[in-house]
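**Q** First the structure, then my questions, so here it is.
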Amino acid sequence: MLSVAVGFGACWYYSERLFGLMQQPIVQALQKNGIEGKLVFLNPTEPFNLYMKVGLMAGVFLASPFILFQVWMFVSPALYRKEKRYVLPFMFSTVGLFLAGGLFGYKFVYPAALTFLIEYGRQFQPMITIGEYTNLFLTIIGGLGIVFEMPILIFFLAIMGVTSPGWLWRNVRYSVLVIFVFAAILTPTTDIMNMVLFAAPMVALYLVSIGVAWLVYPKHRSA
């Protein structure tokens, strides 16, 4: 809680600049469709609440190394000494994968989805509120960041013997089906292209997760 409070205080100061980066995808999508406009607000308190939310989310991310270290400290008593050497790879890979997921969404998935949606409704005048846009942004970017943590989840399940690489490989077809269903729910559009953009990295991460499970599964570690 303390680390989040410190991170929030630091990021709230830069919340206006951070939101400037957040709104770049919608500005570019509007310009691609020949529409000049900007986000609007319907309530006098909305901009203030928005910057508070942006500062809090950025503060949580800034404090994430400390938070993840606390998670590791909670889990580590259940592990053998030789297994505790995974702490640094865990820290770097967790933050790195979340960043990779967010960046992938920011650069590819989110702009493609916005361009499709704006183009589809170009016969109307868009009036997008800052609150609605921020919620959509956080859902897509945050959702992809969390999805990219799949290898970390499999790592813990495999190291505790809950799942095995053999089981993951045998059920790969069902996993791909579940991934595409999840992608269809998460994507803000109904076109298949955006669903594939969501699902493709998830399928790749699932295959990487099988390799991670093979490395840390108890039987293989003993061998």
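The values are calculated or read from the model by the stated rules, or taken from the named source; none is laboratory data. These figures come from a predicted structure and were not determined experimentally. Glycine gets a Cβ as well: all are built from the backbone with ideal geometry, and neighbour counts include every protein chain shown. The protein model used for the area step is the full one, side chains on, heavy atoms only, and it has no ligands, DNA or RNA in it. Shrake-Rupley method; radii C 1.70, N 1.55, O 1.52, S 1.80 Å.
**Q** All but one of (1) open to solvent by 50 Å² or more (accessible area, probe 1.4 Å); (2) under 21 Å from Leu138 (Cα atoms) hold for Ala183; which doesn't?
**A** Only one criterion is unmet by Ala183, namely (1).
Results for (1) farther than 21 Å from Pro89 by Cα; (2) open to solvent by 50 Å² or more (accessible area, probe 1.4 Å); (3) among the β-branched types (Val, Ile, Thr), shown as yes or no for each residue.
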| residue | (1), (2), (3) |
| --- | --- |
| Met160 | no, yes, no |
| Val172 | yes, no, yes |
| Pro188 | yes, no, no |
| Met193 | yes, yes, no |
| Val196 | yes, yes, yes |
| Leu207 | no, yes, no |
| Ile210 | no, no, yes |
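**Q** Just checking, which of Gly20, Gly9 is out of contact with any strand residue (DSSP E or B) (no Cβ under 6 Å at 6 or more places or on another chain), open to solvent by less than 100 Å² (accessible area, probe 1.4 Å) and closer than 25 Å to Thr115 by Cβ?
**A** The unique qualifying residue is Gly20.
**Q** Could you look through the range 93-124, keep only residues that are in contact (Cβ under 8 Å) with a residue 40 or more places away in the chain and of a type in the set (S, T, N, Q), and pick out the one that is least open to solvent (accessible area, probe 1.4 Å)?
**A** This residue is Thr94.
**Q** With the structure loaded, tell me whether Trp214 is among the hydrophobic types (A, V, I, L, M, F, W, C), touching a helix residue (DSSP H, G or I) at 6+ places or on another chain (Cβ under 6 Å), within 30 Å of Tyr80 (Cα to Cα) and open to solvent by 30 Å² or more (accessible area, probe 1.4 Å) or whether it fails that test.
**A** Spelling it out, Trp214 is indeed among the hydrophobic types (A, V, I, L, M, F, W, C), touching a helix residue (DSSP H, G or I) at 6+ places or on another chain (Cβ under 6 Å), within 30 Å of Tyr80 (Cα to Cα) and open to solvent by 30 Å² or more (accessible area, probe 1.4 Å).
**Q** How many residues are within 16 Å of Ser3 (Cα to Cα) and charged (D, E, K, R) if we restrict to the range 68-83?
**A** Result for the range 68-83: 0.
**Q** Now a separate question. Restricting attention to the range 7-46, report how many residues are assigned to a helix (DSSP H, G or I) and either more than 20 Å from Val60 (Cα to Cα) or out of contact with any Gly (no Cβ under 6 Å at 6 or more places or on another chain) (or both).
**A** Residues in the range 7-46 being assigned to a helix (DSSP H, G or I) and either more than 20 Å from Val60 (Cα to Cα) or out of contact with any Gly (no Cβ under 6 Å at 6 or more places or on another chain) (or both): 19 in total.
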